[in-house]
Amino acid sequence: MNEVEKEFAVHEAVCAERYAAIEKAFTEGDKRMTRIEYLLYIVIGAVLLGPGFVGTMLNKLIGA
């Protein structure tokens, strides 16, 4: 194995580690973005329907 092949093998190994780290970051970011998306839907619903409507629905759900 000559010097160029050794350098290329090292380069491939380093890139594989970087790629794995990027994939992990995407996976974790996807979970976080999904949670943020659900929170935004709740806020949008509360703004559009108003706090009175949300209170009325909670009363109906709880049965108070």
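Which of Ile42, Met57, Val14 sits closest to the plus end of the dipole of the stretch 3-62, meaning its Cα is farthest towards the positive end, when Lys and Arg get +1 and Asp and Glu get -1 on the C-beta?
Farthest towards the positive end: Met57.
Give the span of the stretch 1-59's Cα atoms along each principal axis, as three whole-Å numbers ordered largest to smallest.
Taking max minus min along each principal axis of the Cα atoms, the stretch 1-59 gives 76, 17, 7 Å.
Using only Cα atoms, find the angle between the long axis of helix 51-62 and the longest principal axis of the chain, and express it within 0 to 90 degrees, rounded to the nearest 10.
The answer is roughly 90 degrees.
Run the reach check for Lys6 against lysines, Cα to Cα strictly under 28 Å, same-chain hits fewer than 8 apart removed. What comes back?
Correct list for Lys6: Lys24.
Assigning unit charges at the beta carbon (Lys, Arg +1; Asp, Glu -1) and nothing else, what dipole magnitude in debye, to the nearest 20, does the chain show about its Cα centre? The partial results should precede the final answer.
Values: 7 positive and 9 negative charges, 153 e Å.
In debye, rounded to 20, the chain gives about 740.
Every read-out reported here was derived from the displayed coordinates using simple, explicitly stated rules and does not represent laboratory data. Bear in mind that the values here come from a model prediction, so they are computed numbers and not experimental data. Neighbour counts run over all protein chains shown; Cβ positions are idealised from the backbone, glycine included.
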